[in-house]
Amino acid sequence: MLTFAAMKQPLTENGGLPAHILWTLAIVAGVSVANLYYNQPLLNLMRHDLGVSEFQANLIATLTQAGYALGLLFIVPLGDLYRRKRIILLNFFLLIFSLSTLAAAHDIRLIWAASLVTGICSITPQIFVPVASQFSRPENKGRNVGIVISGLLTGILGSRVLSGFIGEALGWRDMYIIAAGLMLVCAVVTLRVLPDIAPTFHGTYGGLMRSLLTLVKEHPALRVYSVRAGLAFGSFLGLWSCLAFKMGQAPFCADSDVIGGLGLCGIAGALTASFVGKYVKRVGIRTFNYIGCGLFLAAWASFCFCGQTYAGIVAGVLLIDIGMQCIQLSNQTSIFEVCPSASNRVNTIFMTTYFVGGSLGTLLAGSCWHAWGWAGVTGMGAALTLGSLLLTLCTRR
C-alpha cells in the first residue's frame, strides 16, 4: 500500500506514471475544462436575463474560447520554466474569483470580462497532457494521453448536461456558484496529489516565448497537425455555439435541459478518445484525419437536411463528436514526438492554434446565424471541415 511520502516521490521522464496520479490528472482535467462549456446550453437563459441580443450572448462563448487561446499561448509554456503545481494552483484561485463574478454580475460587459478570465485560467488540462506524455513509459504514452483526454472529454460532455439541467432547475447563476466550489475542491486535490515537477527550460520568459517561434519554424509537421485540428475544432464549436438558438426555435422550442441533454451524445467521443490514442501509430495519423473529416461532413449533411428532427440533430452530434476525437487525438498524440524536451511548448503551439480555430468558428457561426440562420451555420461548418481535409490531402503528414 502506498504511503503519502511514496506518493510524493518525484517523477522521472519515461519512468512511468503512477495510476493515482494518472487518474487525478484525468479527473481534474475534466472538471476544470468544464468551465469553458457551461455557457453553451445557457446562452438563451443568459440572453433573456441580461436583456441582450443573440449576437451579444454569443460573444460570451466567443470570449471564453478566445481567453483559453490566450492562456494556452502565454501561460502553458510556463510549465517548462516554473514548477507546474504553482501555476495550476494560481489558476484555480483566479477561476474561483472569475466564476463567482459571473454568478453575481448583471452588466454584460462584466460578464464578457469574467468570461475572458475564465477562459484564460482554464488551461490546467493542457499542462496535464504533457505530464501524461513526458513521464509515461514509451509504450504507454499514447494510451495515457488518451486517458487524460478521455477525462477532459467527459468533462466537456458533463458540463453541457449539468449546466443545462442546473440552468433549468435553479437558474444559470447557480451553475457558476457550483463551478466555483468545484475549483476549490480541485485546488485541494492538486495540492495533495500532484508532485513538484522540475522545469526543463532555463532562461527568461522572453527566451521561452521566442523558442515557440523556433519550434514552429523548425518543425513543419507541428504546423500541419495544429492547423488542421484547429480548423476542425472551429467547425465543431460552430455547432455548439449556435445549437441553443436552433433548439430554442420551432419545431423544437427546447429548454436548456434538453439542449444540455444532447451533450450525452458526446459519450461516443469520450469513448473514442482512448481507442484513438492507443491505435494512432498502427492505423496512421492521415487515416484518422480522413475518417474524422468524413464523419464531420456526414454530420453537417445531417444538420442541413434533417435538422428539423431530433433524429437528424442527434445523429449529427454523434458523428461530429466521434470525428472530432479522431482528428484531435491523432494529431495531439503525434506532436509530442516532434520535440519531447519541449512538451509544454509544443502543446502550447498545438492547443493555441486549436482554440484560435475554435474561437474563429464560434465567431463565424454567430455571424452566419445572424445573417443566414441555420443554413449559414451548416455551410460554415462544412467549409472549415473541407479546409482541414484539403490540408491533409496536400501534405504527406
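State whether the residues of the stretch 76-87 include one that is surrounded by fewer than 20 Cβ atoms within 10 Å (Cβ to Cβ), of a type in the set (K, R) and part of a helix (DSSP H, G or I). Yes: the stretch 76-87 contains one or more residues that are surrounded by fewer than 20 Cβ atoms within 10 Å (Cβ to Cβ), of a type in the set (K, R) and part of a helix (DSSP H, G or I). Could you check, for the stretch 219-235, whether at least one of its residues is in a helix (DSSP H, G or I), closer than 24 Å to L386 by Cα, free of Cβ contacts under 8 Å to residues at least 24 places away in the same chain and not small (G, A, S)? Yes; the residues of the stretch 219-235 include at least one that is in a helix (DSSP H, G or I), closer than 24 Å to L386 by Cα, free of Cβ contacts under 8 Å to residues at least 24 places away in the same chain and not small (G, A, S). When restricted to residues that are of a type in the set (A, V, I, L, M, F, W, C), over 16 Å from K141 (Cα atoms) and modelled with pLDDT of 90 or more, the stretch 336-359 contains 2.
Output yes when any residue across the stretch 192-200 is in contact (Cβ under 8 Å) with a residue 40 or more places away in the chain, surrounded by fewer than 24 Cβ atoms within 10 Å (Cβ to Cβ) and not in a loop (DSSP other than H, G, I, E, B), and no when none is. Checking the stretch 192-200: at least one residue is in contact (Cβ under 8 Å) with a residue 40 or more places away in the chain, surrounded by fewer than 24 Cβ atoms within 10 Å (Cβ to Cβ) and not in a loop (DSSP other than H, G, I, E, B).
Can you tell me which residue is surrounded by the most Cβ atoms within 10 Å (Cβ to Cβ) among those in the stretch 201-231 that are small (G, A, S) and at pLDDT 90 or above? Filtering the stretch 201-231 for residues that are small (G, A, S) and at pLDDT 90 or above, the one surrounded by the most Cβ atoms within 10 Å (Cβ to Cβ) comes out as G230.
Every residue, every condition in (1) in a helix (DSSP H, G or I); (2) crowded, with 23+ Cβ neighbours inside 10 Å, yes or no:
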{"position": "G312", "(1), (2)": "yes, no"}
{"position": "V317", "(1), (2)": "yes, yes"}
{"position": "E337", "(1), (2)": "no, no"}
{"position": "N344", "(1), (2)": "yes, yes"}
{"position": "T352", "(1), (2)": "yes, yes"}
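The numbered conditions (1) touching a residue at least 24 places away in the same chain (Cβ under 8 Å); (2) of a type in the set (G, A, S); (3) closer than 30 Å to S226 by Cα; (4) surrounded by fewer than 23 Cβ atoms within 10 Å (Cβ to Cβ) are all true for G30 except (4). Scanning the stretch 275-310 for residues that are under 27 Å from V377 (Cα atoms), assigned to a helix (DSSP H, G or I) and small (G, A, S) returns G292, G294, A298, A299, A301, S302.
If I filter the stretch 120-149 down to residues being of a type in the set (S, T, Y) and closer than 15 Å to I21 by Cα, which single residue comes out as nearest to the chain's Cα centre (by Cα)?
So the first thing to find is which residues in the stretch 120-149 are of a type in the set (S, T, Y), and the list is 122, 124, 133, 136.
Right, trim to closer than 15 Å to I21 by Cα and you get 124, 133, 136.
Working: T124: 11, S133: 18, S136: 22 Å.
By that ranking, first place goes to T124.
With respect to A254, determine if the residue is farther than 28 Å from L391 by Cα, without any contact (Cβ under 8 Å) to a residue 60 or more places away in the chain and aliphatic (A, V, I, L, M). Here the answer is yes, as A254 does meet what is asked. Counting only helices (runs of 4 or more DSSP H) that fall entirely inside the stretch 90-181 and contain at least 3 residues that are free of Cβ contacts under 8 Å to residues at least 40 places away in the same chain, the qualifying elements are 108-121. Restricting T362, T333 to those that are assigned to a helix (DSSP H, G or I), at pLDDT below 90 and within 24 Å of N39 (Cβ to Cβ) reduces the list to T362. When the criteria are applied in full, N58 fails the requirement of being farther than 30 Å from A254 by Cβ, touching a residue at least 24 places away in the same chain (Cβ under 8 Å) and either in contact with a Cys (Cβ under 9 Å, 6 or more places away or on another chain) or surrounded by fewer than 18 Cβ atoms within 10 Å (Cβ to Cβ) (or both).
Of the residues D321, D257, which is modelled with pLDDT under 85, part of a helix (DSSP H, G or I) and acidic (D, E)? Show your work before the answer.
Values: D321 fails: modelled with pLDDT under 85.
Just a single option satisfies the conditions, and that option is D257.
The rows are residues; the columns are (1) surrounded by fewer than 22 Cβ atoms within 10 Å (Cβ to Cβ); (2) modelled with pLDDT of 85 or more.
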residue	(1), (2)
A105	yes, yes
L110	yes, yes
A113	yes, yes
I120	no, yes
Q126	no, yes
T154	no, no
I166	no, yes
M183	no, yes
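Give A365, A383 a once-over and let me know the one that is surrounded by fewer than 24 Cβ atoms within 10 Å (Cβ to Cβ) and of a type in the set (A, V, I, L, M, F, W, C). Talk me through it step by step, then tell me what you get.
Numbers: A365 fails: surrounded by fewer than 24 Cβ atoms within 10 Å (Cβ to Cβ).
Exactly one of A365, A383 is surrounded by fewer than 24 Cβ atoms within 10 Å (Cβ to Cβ) and of a type in the set (A, V, I, L, M, F, W, C), namely A383.
The values are calculated or read from the model by the stated rules, or taken from the named source; none is laboratory data. These numbers were taken from a predicted model, which means no experiment stands behind them. Glycine also receives a Cβ, built like all others from the backbone with ideal geometry; neighbour counts cover every protein chain displayed.
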